[in-house]
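Asker: This is the structure I want to talk about, given as structure tokens.
No value in this document is a laboratory result; all are computed from the given coordinates. Please read all numbers here as calculations on a predicted model, not as lab measurements. Ideal geometry is used to build each Cβ from the backbone, glycine not excepted, and the neighbour counts take in all protein chains shown.
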Amino acid sequence: MPTYLMTWNSRDASAWPQMSRDAEVVASGGKPQMLWRCGHSKTIHKGDSLLLFRQGTDPKGVIGTAVAISDWEAYESGGPKQPSRTKNRVHIQIESLVNPDIDDLLTVSQMTAGGVAGVKWNVQESGTRIPDDDAKRIVELWLPKSTVILDSADLAGIEGELRLHLVRHRKRERRLRDAAIAAALKKYGALVCEVPRCNFDFLVRYGELGRAFAHVHHIAKLADRTHPTETRVSELKVVCANCHAMIHRGNENRDMDTLIPILRR
């Protein structure tokens, strides 16, 4: 399938609130759909791959990936001075999307340094086809900025071609994680799971392999935040992988104190 560059001008402030909300939906595992203008392009068809590209303010770069879920269509875009003016648009499904106010996009300089040489980035309208080799390389460079789900249920075949579905996770500050682990070590003298009645210790169970390893749990779920907010170390807890999975099973955020039942004899 061909790949097309779909531009979004970051100077258009009215468009960003919806994009920001869509980034939140994608961060939670959703795949929002929307209409995207493609200028005068008449070559985009259902199933084509799309790279979402931020123009306007710096840094410019790829902010997401999508797939066309319709062929291109014409629509009236004219105003009072040009009532009969028409342009084209396409229905898309977003597969990955970052909020550049929070997360890192894939910049033009990074793509150039990574061997992408045949793409004109200064185009003003969407719908420019990207050479296949460049498209493949861009996706390879994009993967580290998203979490790739490799389960077979998350791979979709389109006429024999496998399409990777990407899910973004919010940026978590490394210094906060390190501070939470340091606080737990100081408090307990060991890196043990803080869920009451668990106390699992990776070092005790796995030896040196488990030294300094643990999950860090946000008491207030990040996906519930509507905008970037400060996180304090006191809002983080050191937990084991099992407890962390049970806390969030079914997309919940269960209370740590009641997660493991008190056994009554």
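Asker: Would you mind checking the stretch 40-58 for residues with the amide N under 20 Å from a putative spin-label position 7 Å along Cα→C-beta of Glu140?
Answerer: Counting only backbone N, you get 49-52.
Asker: May I ask you to compute the full-extension gain from Thr43 to Tyr188, defined as 0.36 nm times their residue separation minus their alpha-carbon distance, rounded to one decimal in nm?
Answerer: 46.0 nm
Asker: What pairs in Lys187/Lys237; Lys31/Lys136; Lys186/Lys237 have C-alpha atoms more than 18 Å from each other?
Answerer: Pairs exceeding the cut-off: Lys31/Lys136.
Asker: Using 0.36 nm per residue of separation minus the Cα-Cα distance, give me the extension gain between Asn253 and Arg232 in nm, one decimal.
Answerer: That works out to 5.8 nm of additional length.
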